[in-house]
Amino acid sequence: MVEQSFELPDLGEGIAEGELVAWAVAPGDHVEQDQVIAEVETDKALVEVPSPYDGTVTELHAEEGEMVPVDYVIATFEIDASDAEPAGTEAETDESSTPVDAGTVEAESAELETAEATEGGAEASEAGGAPGGRVFAAPSTRSLARDLDVDIETVEGTGAGGRVTESDVRRAAESASESGASEPASGADATPSEAEPVVVESAGGTKRERTLAMPATRRLARERGVDINDVPASEEREGEPFVTPADVEAYVESGGSAAETGASAERGASASAGAAAGGTGAGTNTGDAGAAASPGGERVPYRGIRRTIGEQMAQSKFTAPHVTHHDEFDASGLVDLRAELAEIADEEDVNLTYLPFVVKAVTSALKEVPYLNASLDEEAGEIVLHDEYNIGIAVATDDGLLVPVIKHADRKGLKELAREIDELATQARERSLPREAMRGGTFTITNIGVIGGEYSSPIINYPEAGIFAMGPIKKRPWVVDDEVVARKTMTISMSVDHRLVDGAEAAQFTNHVQTLLADPARLVLE
Amino acid sequence: MVMGDITTGTDVVVIGGGPGGYVAAIRAAQRGLATTLVEKDHYGGACLNHGCIPSKAFITAADVADEAANASGMGVYADPEVDMGELAAWKDDVVDRLTGGVEQLCEANGVDLIEGTAAFEDEHTVRIAHGGEGQGMETVEFEQAIVATGSRPVEIPGFDFADEPVWSSRDALAAETVPDDLVVVGAGYIGMELSTTFAKLGADVTVVEMLDDVLPAYEEDVSSVVRRRADDLGIDFTFGEGASGWEETSDGRIAVHTETEDGTESTYEADRVLVAVGREPVTDTLELEEIDLAPDDDGFLRTDDRARTDLDHVFAVGDVAGEPMLAHKASAEGIVAAEVAAGENAAFDARAIPAAVFTDPEIATVGLTEAEAEEAGFDPLVGEMPLRANGRALTMDETEGFVRIVAEADAGFVLGAQIVAPEASELIAEAALAVEMGARLDDLAGTIHTHPTLSETLLEAAENALGEAIHTLNE
């Protein structure tokens, strides 16, 4: 028996450390090579760390919950002396490659086998024996070998003079995948207790051993009772399947969770109890459900503005607990005043919409409720009450929503606001907004009335404290002196960051806005 | 619904718009990545603006004048006059068309262009200082970065490029007049190209080289052809001397001082001194310490075959990523970096990188020399074809030079080629393809080449290696 220490392998993307979330093994446990022994969470992903050895765990050197640097010895194994050599060699190879990638390990052993198999062939050793590892093959053939994960130096060349041809590479890839495919199967046979309780094929074919996903997505999958490795991935990152929250939800909706609940409970149990004996009760094949979860169709890359919006929104929604407040007020006065002023403004070529009135009212309300013109500096543990009133205006463009900012809105009159909004909106639609024009916002207004609908639950433009959505002004039933009459009213929706303010402040804010807009003459005094 | 500083986010930021950077940016954009290219100076980099392209413009013009003036053997008599101002304007026009083209291509592919100097702020942020006063700064957050900052001419003690009489290669290629007397420090490829050019344009050129021959990176029988032609052009060479400094003389010219290893000093009078002793990678503007990345001892950013630095999401391509400092190598690496960034399984696996020197005659090489092949463990098989046995060469009145093919003896796989000939820079492409494809001598010999052309020399050299050349004796 030989003792081997195992260092936390490279977690990728220049990550230096990770939190050891859970051990899947305990001292005394027997482990197979590639068996998952620990889960490590980085700020990018939850990574399953496979064992590089067949052997017995003798000691664990890190506690669950501990931050562990890469290359830190996390476990010690006792391995069979006869296995010591190849296992040791593999471990060394691993340092330069990506040991957490079980696929790589498999490919390496497959290559090893190919090399051994071909050493017998006289021609192959000639080709492989070219000095400096030189293999004679066309660039297109070398590229194919890369794509098929074939080490071209081990391929027997059948072309003229021993030149490696495309079909040589394909043949090598096939024989490698055959020997590779037999591996997990034999591993499962050898240790039934570690076999996956449910054999689920994801859309791509065999069940994945590893899946890239954000920690939040993994959490979601756990909550929904699905194994993230079963969820069909809609994206790929660094050549690995990447599962999004939407994928998880789609899989759950398609029925992926039902059969999985038992399995995931079982997984949880086996993880916490170390190498507990896993039952095989929930052995329902949900392969069809998995495949159905990912129907065909056009795949549009999630990139650019769309992704930036998405990431920004996810950050906001997952960081700031939103509370949304809705209200409605009689806007007859506002409609009349705007009609009156718009004529005058028109003479000066200014297009006076309702938005400048709302900006003025909102700015005034922000002065009333300073905690809504604020942001939370989590690092410093301080709420920053801004001394500027910079109002972002959400503008729909073909590519997504952009939010140009009106700086110092409190110092500007209706005409000036109207002009600036017009200009910024035009620039946003033409995608010619200077970067500066989208910075420094302290509060955002969005106009949902343009497209339709009554109310919305807008998402805060993080790290701002709130967002105000103006709904459409139209005739609605309104009670005046105990009579229901038709009045032009405006609906308003507003979300606030509940960490900074409570619902009462949101109501206080909207009340102030409504008071000013219902009696817009007051705005003139502002 | 709403969002914050959106335009400051990008998938890939490419730092440097030379042949490594702009190619990487376009390929990344073609692959659907949101790509931002930051350039501090001119699009196209040193290659288009201060290197390959302007030097070739000068060289071509100098050749036209020189050939016309020396064609009496063909019965052609001429005494061409070169208007250096007009030549420079034509060269600038060529450069402008190409750099403008680069900018348009980037824009047409949807690359976001930012002019300024980029420095890392952290592993996913660069700060860009715009050129010019009061232009301000901006910040770009990125998923992946491709560093393509290139290289600059090396200065030597006692010679400051800021001083007017001291030229870097960049200054020489911006010249609007030809100096009467030019001292060139360094007989490497840049020194030799520019020495030849300025000699043909009418300057009296003296080359000062510390080593004992021209083009020390090349085999003796290759460099000697160029050396002989340079002698014929009247270029003076002094070897074993290092330039130590210069001063202005009373008549407004300069005196360049040199020193041998044993301390013997010499002085050369001139109007300008061109220092061409090499190029060094540019990393000092990047603030690499902010991302814990350090250049190696030679100043390069080391990369793997995926063009990745020690940080998986930071790539380096071109001159900053190591020798050879060649534009086409930079572009090839740029392609790899962009495709890897897009998640593709690309790798830099070129067997050989061709190189060309635009001297008179030109030199071009690819792959292994005979000595290198032997060193690598091959049993080399070599074939040569002298230019004087090629019909087209004779009709061009160019009989100096040869084509040499190096193969391995077992199966005849082509390992490399060395060519000294007019248009060697073009001829090498076929040899490069042969090396890259794993072609054998039979393949080259079995390919029909056009007659009468210089390219026939490749066929002949392959046949010579096989011992069956028609137009030379197979000894």
Inset, instruction - Identify the residue in segment B:298-331 that is under 15 Å from residue B:146 (Cβ atoms), open to solvent by 10 Å² or more (accessible area, probe 1.4 Å) and within 14 Å of the chain's Cα centre (by Cα) and, among all such residues, is farthest from the other protein chains (Cβ to nearest Cβ). - result: B:319
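If only one of B:111, B:82 is touching a helix residue (DSSP H, G or I) at 6+ places or on another chain (Cβ under 6 Å), open to solvent by 20 Å² or more (accessible area, probe 1.4 Å) and either modelled with pLDDT of 95 or more or more than 23 Å from residue B:138 (Cβ to Cβ) (or both), which one is it?
On the way: B:111 fails: open to solvent by 20 Å² or more (accessible area, probe 1.4 Å).
Exactly one of B:111, B:82 is touching a helix residue (DSSP H, G or I) at 6+ places or on another chain (Cβ under 6 Å), open to solvent by 20 Å² or more (accessible area, probe 1.4 Å) and either modelled with pLDDT of 95 or more or more than 23 Å from residue B:138 (Cβ to Cβ) (or both), namely B:82.
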Legend entry - Some residue of segment B:393-411 being in a helix (DSSP H, G or I), modelled with pLDDT under 95, within 14 Å of chain A (Cβ to nearest Cβ) and open to solvent by 60 Å² or more (accessible area, probe 1.4 Å): no
Legend entry - Residues being over 17 Å from residue B:168 (Cβ atoms), open to solvent by 10 Å² or more (accessible area, probe 1.4 Å) and part of a loop (DSSP other than H, G, I, E, B) - total across segment B:17-62: 7
Inset, instruction - Identify all residues within segment B:332-350 that are within 13 Å of residue B:18 (Cα to Cα) and open to solvent by less than 30 Å² (accessible area, probe 1.4 Å); write none if there are none. - result: B:333, B:334
Legend entry - Among (1) in contact (Cβ under 8 Å) with a residue 40 or more places away in the chain; (2) more than 14 Å from chain B (Cβ to nearest Cβ); (3) under 23 Å from residue A:505 (Cβ atoms); (4) open to solvent by 50 Å² or more (accessible area, probe 1.4 Å), the one test that residue A:329 misses: (4)
Legend entry - Selection status of residue B:377, under 16 Å from residue B:416 (Cα atoms), part of a loop (DSSP other than H, G, I, E, B) and not hydrophobic (A, V, I, L, M, F, W, C): yes
Legend entry - Residues satisfying the stated conditions in segment A:484-515, i.e. of a type in the set (Ser, Thr, Tyr) and free of Cβ contacts under 8 Å to residues at least 24 places away in the same chain: A:515
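Considering each of B:282, B:277 in turn, give the residue that is open to solvent by 60 Å² or more (accessible area, probe 1.4 Å) and among the hydrophobic types (A, V, I, L, M, F, W, C).
On the way: B:282 fails: open to solvent by 60 Å² or more (accessible area, probe 1.4 Å).
Among B:282, B:277, only B:277 is open to solvent by 60 Å² or more (accessible area, probe 1.4 Å) and among the hydrophobic types (A, V, I, L, M, F, W, C).
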Inset, instruction - Of the numbered conditions (1) small (Gly, Ala, Ser); (2) open to solvent by 10 Å² or more (accessible area, probe 1.4 Å); (3) under 20 Å from residue A:160 (Cα atoms), residue B:429 fails exactly one; give the number of that condition. - result: (3)
Legend entry - Considering residues of segment B:412-426 that are within 14 Å of chain A (Cβ to nearest Cβ) and hydrophobic (A, V, I, L, M, F, W, C) only, the residue surrounded by the most Cβ atoms within 10 Å (Cβ to Cβ): B:414
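Which residue out of A:340, A:311 is of a type in the set (Asp, Glu), within 14 Å of chain B (Cβ to nearest Cβ) and out of contact with any strand residue (DSSP E or B) (no Cβ under 7 Å at 6 or more places or on another chain)?
Values: A:340 fails: within 14 Å of chain B (Cβ to nearest Cβ).
Criteria check complete, one pass: A:311.
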Inset, instruction - Considering only segment B:118-156, state which residues are more than 14 Å from every other protein chain (Cβ to nearest Cβ), open to solvent by 40 Å² or more (accessible area, probe 1.4 Å) and over 24 Å from the mean Cα position of the chain (by Cα). - result: B:121, B:131, B:132, B:133
Inset, instruction - Among the helices (runs of 4 or more DSSP H) lying completely within segment A:97-170, list those that include at least 3 residues that are modelled with pLDDT of 90 or more. - result: A:139-147
Inset, instruction - Please indicate, with yes or no, whether at least one residue in segment B:444-462 is within 14 Å of chain A (Cβ to nearest Cβ), assigned to a helix (DSSP H, G or I) and under 22 Å from residue B:358 (Cβ atoms). - result: no
Inset, instruction - Tell me which residues, restricted to segment A:384-429, are on the phi > 0 side of the Ramachandran plot and modelled with pLDDT of 90 or more. - result: A:408
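Can you spot a residue in segment A:365-384 that is of a type outside the set (Val, Ile, Thr), part of a helix (DSSP H, G or I), open to solvent by less than 20 Å² (accessible area, probe 1.4 Å) and farther than 27 Å from residue A:503 by Cβ?
First, pick out the residues of segment A:365-384 that are of a type outside the set (Val, Ile, Thr): A:365-368, A:370-382.
Okay, now just the ones that are also part of a helix (DSSP H, G or I), so A:365-368, A:370-372.
Remaining after also requiring open to solvent by less than 20 Å² (accessible area, probe 1.4 Å): A:365-366, A:372.
From what is left, the residues that are farther than 27 Å from residue A:503 by Cβ are none.
No, that holds for no residue.
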Inset, instruction - Being part of a helix (DSSP H, G or I), touching a residue at least 60 places away in the same chain (Cβ under 8 Å) and among the basic types (Lys, Arg) is the filter here, so list the residues in segment B:220-259 that pass it. - result: B:228, B:229
Inset, instruction - Give me the pairs, please: first residue somewhere in segment A:389-412 and away from every other protein chain (no Cβ under 14 Å), second residue anywhere and hydroxyl-bearing (Ser, Thr, Tyr), beta-carbon distance under 6 Å, and either six or more positions apart or on two chains. - result: A:389/A:363; A:409/A:363; A:409/A:389; A:410/A:363; A:410/A:389
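The values are calculated or read from the model by the stated rules, or taken from the named source; none is laboratory data. Predicted, not measured: the structure shown is a model, and the values here were computed from it. Backbone-built Cβ (ideal geometry, glycine too); neighbour counts: all protein chains shown. These area figures cover heavy atoms from the full protein model, side chains too; ligands, DNA and RNA do not enter into them. Shrake-Rupley method; radii C 1.70, N 1.55, O 1.52, S 1.80 Å.
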